[in-house]
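A.B. asks: Please read through the structure below; I'll follow up with questions.
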Amino acid sequence: MVGNIIKKICLPVVLAVMVAFLLSGCAVEYEVKLEAEPEDAGTVTGSGTYSKGETVTIKAEAEQGYTFDRWKVKGTDLEHSDKETELKVEEDKELVAEFSRKTPTINLECDIEEDALTGGGTFEYGETVEVEAKEIEGYRFKKWLEDDEVVSEDKTYQFSAVENRTLSAVRELETAVREVGYDLEGLILKEDLKGYLLPIRENGK
């Protein structure tokens, strides 16, 4: 009789201990879902099922013509600005990698009358850009420079807008525009646009 009572008391306790032991060996898992927006603007890696407390690295890579903006956690205002970041998994998560279309800016500069340069501005990625250095009286166009490198020697320069660029128009002063007479040594005197007299020999030297 007493043995039956002990069995009735102990059996549930033993079962409870066994269940607790078995459950303690089962790790709690959560799912991390990732997506790109717009869908074709980039790729995302790091989706999967992870154990509670595990740290996962998620990464976003932009396709050509796009730039990564941020990670947005669905259902919250939480944002991550790094395209590669780490998350500690404590619950199911859905994250969206937000991308935007590149809009390259073309800046034009010149020491002489920047208003005589046309074609700069902001463009859609891949759009054809045509910049031009207009004529300025008394000056001759020489070249377009970018980071001190010559990119064109034509006044009109065309290219595709794929990145931000700053182009510098280089001009030089025209000289020896008219003859004004001879000096005592018989050299031809020519006057440049600033009024300076230039002695020139008959053969032009």
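Please treat every number below as a calculation from the coordinates, not as lab data. Given the structure is predicted, the values throughout are model-derived calculations rather than measurements.
A.B. asks: What are the aspartates and glutamates whose alpha-carbon lies under 14 Å from the alpha-carbon of residue 143, with same-chain residues fewer than 8 places away excluded?
C.D. replies: Reachable aspartates and glutamates: 109, 111, 132, 135, 153, 154, 172.
A.B. asks: Of the cross-linked pairs 52/102; 52/83; 52/72; 83/134; 102/134, which ones have a Cα-Cα span greater than 32 Å in the structure shown?
C.D. replies: 52/102; 83/134
A.B. asks: Need the list of aspartates and glutamates near residue 33 for cross-linking: C-alpha distance under 18 angstrom, and skip anything on the same chain fewer than eight residues off.
C.D. replies: Correct list for residue 33: 54, 61, 77, 79, 82, 84, 86, 90, 91, 92, 94, 98.
A.B. asks: How much length is gained on full extension from residue 37 to residue 164, taking 0.36 nm per residue of separation minus their Cα-Cα distance?
C.D. replies: 43.4 nm
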